[in-house]
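Reading through the structure tokens given below for one structure.
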Amino acid sequence: MNWKLTLRQKGLLVVAFLLGFELLLLAGLSALLHDAQMQIDRQQKNQAVISSLQRLSTLRERATNGLMVQIQFFKDPPDSPHYYETFLKYVEGVPKELETMKSLLKDDPVNKFKGEELDRICRLGIEAIKEERRLYSYKQSLQEKAVIARLCNVMFHAARLSESLLDYYTKIEQEVSPMEEKARANVENFLWAMIAVNIVIAIAVGQFFVRRITSRLSIVTENSLKLADGRPLSEPMSGYDEIVQLDNVFHRMAEKLAESARKERAIIEHAVDVICSVDANLNFLAVNPASETVLGHKPDELIGTSCMDLVVPDEIEKVGARFKSIIKDQEVADFETQLKQKSGNVIDVLWSSQWSPEENALFCVVHNISGSKEIERMKQEFVSMVSHDLRTPLSAIQGSIELFKEGMYDSNEESGKSALQKMYLSTNRLLALVNDLLDIEKLEAGKLIKDLRRTDVRDVVRKSIGSVAGFAEVHEVEVISEAGEAIIMADEDRLVQAVVNLLSNAIKFSPTGSRVIVETEVVHGDAESEQNETRNELLELRVVDEGRGIAEDKAKKLFQRYSQAEKSDGKRGVGTGLGLAISKAIIEAHNGTIGVRSKVDQGSTFWFRIPVALSSNCH
């Protein structure tokens, strides 16, 4: 039978086998001990009965002899001490000993009747003694002699019964004593035999169990040595216990290590960063293929050359000193520098280097951080811009509040109303800034577009123009709607937000007295690019301005975060550079596209396209 047992279960089975054998031995020992105890109890009872009969015979004889001595010789009065010592105390001891004897014989059905008969005869004897003493006191010698004769007859019967009982229990005692000795010897012999057998079985089972474990553990140990030496492992073990599982895990681990080594080589070969080793003279020993992408040099072109040849001249001395410090201190260090590409371009890189005394080489990772540097620069510009856009309206609000506080303005006067209007506009600017920062994160997380409904695009345009009316009036720009009828599925509030951002951007960069026109048109999209040909009708909304226009290279970046027109432009205006990025996210959430057509000094047209609602769509 092929049992699927684990090592733990096998161990429990061995323990259960040993415990079962122990229980059998203990059961046999218990039976022998019980038999020996029965023999001991039987012998003790026999001895107690014999002792009681002997004491009773002694009391009876002494009482009879004492009576004869008193009648023939002493003739003491009944209340004298000598009378008690020679006769009376033996008579008084007979009933007590009779009770002891009866209690010992109560469980003996063979001799219980004899004990009761002996008790009856002895008590008749005591009554005869009492009657003899009474007749002796009254000097009735004839009757006294008859009583004495009766007493002698009673004593004779009592003696016969006592002898019969003594013979019976003496015989039993003679039979029990050898049996008790034999029982003791059996217990002792069985105990030693049990110890010997138990030791032999425990050693045999233990050796069998341990030998199977150690033999297979040696295979696992051998496999570990083979793995360290790179040799093939032994065949996997068969079975179901933990050692087999360990061996199987070891084989899987070896496969995983081999796979990891292959992946590690693949990672190094396909890594984006340059991974290389450099000797103590700073010459390349090995380089991964990423060198061609990052530096423009193939690995074969770099191996054997000095890495210092790639460093820009201004930093050669500093980088050389840094490498020497890393080699001397055997430390892990990161430092930035600039390298020359094969094309002549200069890039910013981050060197991560560690010296290996065993390999006598520097292991380095060269990471191109030019993009990170650019992002950091843009972030600093954004922080500077936001700081300015926050500080300016806050300063205006604070200044107006202080003037109101000092009584310089009266809210009922024209100057006070103007100051309140400026505070209101500044507050709106702050709120718009905060909303832009919050909305861009929500949109990218897909959490801002909540409810798509059938919406008339004319309502969207009307609400959007109404939202920027005050802004347009301040800039003296006219906003005109040329929107046609079209039904779309949209989150109206968010779509209005996108259009408002496009309108605000157009107004901000339009010259005074110019116009901004909002146009809509239903166009046909590319059916092959749509999921369903019935949905290739698109609504195109255009915001056309007469502003300065945008250069082509700048237009490509307008819909990125924090991107704005040139700072040097006097019409740059205020803002976070998030408006167009938010509009792009909103339109894309409506399964649409957005873009711009512009030429410098000829104005710009910002447009987006979203699907027209099907006639079967309903809210």
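The values are calculated or read from the model by the stated rules, or taken from the named source; none is laboratory data. As the structure is a computational prediction, the values presented were derived from the model and not from experiment. For neighbour counting, all protein chains shown are included, and Cβ atoms are generated from backbone atoms with ideal geometry for every residue, glycine included.
Taken together, L53, L24, L33, L67 contain a single residue that is in a helix (DSSP H, G or I), of a type outside the set (D, E, K, R), exposed (fewer than 13 other Cβ atoms within 10 Å of the Cβ) and assigned by TED's automatic domain parsing to the domain that holds R134, which is L24. Looking across segment 543-602, the residues that are modelled with pLDDT of 85 or more, of a type outside the set (V, I, T) and closer than 30 Å to A613 by Cα come down to D545, S583, K584, A585, E588, A589, H590, N591, G592, G595, R597, S598.
Does P232 fit the bill of being at pLDDT 80 or above and over 35 Å from the mean Cα position of the chain (by Cα)? Show your work before the answer.
Numbers: at pLDDT 80 or above: yes; over 35 Å from the mean Cα position of the chain (by Cα): yes.
Yes.
Considering segment 70-83, and only residues there that are exposed (fewer than 15 other Cβ atoms within 10 Å of the Cβ) and in a helix (DSSP H, G or I), the residue that is modelled with the highest pLDDT turns out to be P81.
Against the conditions (1) touching a residue at least 24 places away in the same chain (Cβ under 8 Å); (2) surrounded by 16 or more Cβ atoms within 10 Å (Cβ to Cβ); (3) in the same structural domain as D348 (by TED's automatic domain parsing); (4) among the aliphatic types (A, V, I, L, M), A290 satisfies every one except (1).
Answer yes if at least one residue in segment 265-277 is modelled with pLDDT of 90 or more and over 42 Å from the mean Cα position of the chain (by Cα), and no otherwise. No, every residue in segment 265-277 fails to be modelled with pLDDT of 90 or more and over 42 Å from the mean Cα position of the chain (by Cα).
Just name the residue that is surrounded by the fewest Cβ atoms within 10 Å (Cβ to Cβ) out of those in segment 508-523 that are of a type in the set (D, E, K, R) and either farther than 14 Å from A469 by Cα or not assigned by TED's automatic domain parsing to the domain that holds L538 (or both). Among those residues, the one meeting the criterion is E521.
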